[in-house]
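The values are calculated or read from the model by the stated rules, or taken from the named source; none is laboratory data. Predicted, not measured: the structure shown is a model, and the values here were computed from it. Methodologically, a virtual Cβ is constructed for each residue, glycine included, from the backbone with ideal geometry; neighbour enumeration extends over all protein chains shown. Keep in mind that these areas ignore ligands, DNA and RNA; they rest on the heavy atoms of the full protein, side chains included. Shrake-Rupley method; radii C 1.70, N 1.55, O 1.52, S 1.80 Å.
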Amino acid sequence: MPKRYEQVANYIGDQINSGLLKAGERIFSVRQCARELGVSISTVIRGYELLQDRMLIESRPHSGFYVRQQLKLPQTPETSSPQQCPVTVNMGQLAIEILQNMRNQNLIQLAVALPKIDVPAIAQLNRITAKIAREQSHTNQVITTDNLADYDSPLGNKTLRRKIAQRLLNGGVNVHPDEIVITSGCQEALVLSLNAVTKAGDTVAVESPSYYGMLQAIEALGLKALEIPTDAKTGISLSALELAIREWSISACVLAPNYSNPLGSKMPNHRKKKLVTMLETAEIALIEDDINAELTYDQQRPTAIKSYDQSGNVLLCSSLSKTLSPGLRVGWVVPGRWLERVQHLKFCNSGANATITTLTAVRYLATGTYDRHLRKMRQYYKQKRDYFLQLAAQYFPQDIRITHPQGGFILWIRLPQGVDSIRLYHRAMKENIAIAPGILFSTGQQYHQFIRINYGQESRQNLEKATILLGRLMRKLTP
Ligand SMILES: Cc1ncc(COP(=O)(O)O)c(C=O)c1O
């Protein structure tokens, strides 16, 4: 049930969206609106603030509130058409340079997929961590399940696994806590999964473009990546994948069906189901990256591919990194029929997980505030997306194309014809703006004309400053 001020915003917003209120038209004064809707002045003020955040109205000094001119948003990029043959990945240096700049305070940071975590949630995590440490200094027990100085159990903390199993029910996944392995973030979950289902030299089918951490892992494990055309709205092309399966010997397929990185695509459920059957029949393991699913702009997280898995062929990987804290390094994998193998690899890889952050996550999830926190983050990112799209429509050249994701905090932009993203990256860095060049998200050179933007991290002022500058640079670099 929306709050009163949200109802006010929706009431006016609906009139604007349906064309009843036109651009440039004056809307009710705060007082009139309060009288008309029978709510308090402060409720209307909050409602109008929300409408300003949604870029639907603007305040004019000494004059009142007016419907904003809505800009025509740029179109979504076409379905990708990568070169379709397995290739060795090699692009580590640029990725490392970008990651090293993650903490550079002088930069407007649009490059790294860092979430913007709400301050109260961070404060709560800090309090929980401090409390755990204080409790431990008062205890004389040597071995308890919650002992900070102890190794965590091989599968990972049982209470945490139970909490994760409960949350996975929202994605339609019904697993026992003992079918979950806790990992150090989603990255380790992906690497363990890849390692479990492939051997060096094997080919892995991936979305194109796809998350560069995954491509790096493919490279590090001596595997080959086979990029499959992918649509910015509906995800990987099933017909292209089917053809690739006929032509090549593929061991695994990795994808993020819910708000992929960088496209933000979301596969419709019937396609998820078809994919599960297709890969099961072809005996190709399916590694599902579920990391962004909880950042949906809808009320409910979307269905996980794993929910259609009857045979254990799907390995679901995720973490709390995008929703709560990347620093916790709390992730998990539901490895299906590869459970024992993944468990063994986890032990070989890192022995066990850090106890302090595991316990912090357990206690945080037990507070019952996670869902409220997620609702806030979803709304925050949605508003930021709308804001950024309006900025892009205003300041970027007309012929760019841009994705309109329904979850997460990342956009994929096709630059004007002839503009090279590496040149744009270097020129933007000189202006202290960090962007991620498209070539990072592919094994080949086909995304030279693309960039990825994180719109969640920076303030509105910084986003506006950055879009003005990037727009100018794009025009300068256009041949
Ligand atoms: C799509 C995707 N998968 C996995 C990861 C790795 O997540 P974690 O920080 O939990 O290891 C990231 C991080 O950026 C990501 O964007």
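Exactly one residue among 219, 283 is within 16 Å of the ligand (Cβ to nearest atom) and of a type in the set (D, E, K, R), and that residue is 219. Filtering segment 193-204 to residues that are hydrophobic (A, V, I, L, M, F, W, C), in contact (Cβ under 8 Å) with a residue 60 or more places away in the chain and within 16 Å of the ligand (Cβ to nearest atom) leaves only 194.
So for segment 349-362 (the condition being within 16 Å of the ligand (Cβ to nearest atom), touching a strand residue (DSSP E or B) at 6+ places or on another chain (Cβ under 7 Å) and open to solvent by less than 10 Å² (accessible area, probe 1.4 Å)), does at least one residue qualify? Yes, that holds for at least one residue.
Of the residues 336, 327, only one is within 22 Å of residue 289 (Cα to Cα) and touching a Gly at 6+ places or on another chain (Cβ under 7 Å); which? After applying the criteria, what remains is 336.
Just one of the listed residues (323, 277, 296) is away from the ligand (no atom under 15 Å from the Cβ) and of a type in the set (Ser, Thr, Tyr), and it is 277.
Residues of segment 11-43 being open to solvent by less than 50 Å² (accessible area, probe 1.4 Å), in a helix (DSSP H, G or I) and free of Cβ contacts under 8 Å to residues at least 40 places away in the same chain, which ones? Within segment 11-43, 15, 30, 33, 34, 43 qualify. The residue of segment 233-262 that is surrounded by the fewest Cβ atoms within 10 Å (Cβ to Cβ), among those that are within 11 Å of the ligand (Cβ to nearest atom) and farther than 24 Å from residue 196 by Cβ, is 259.
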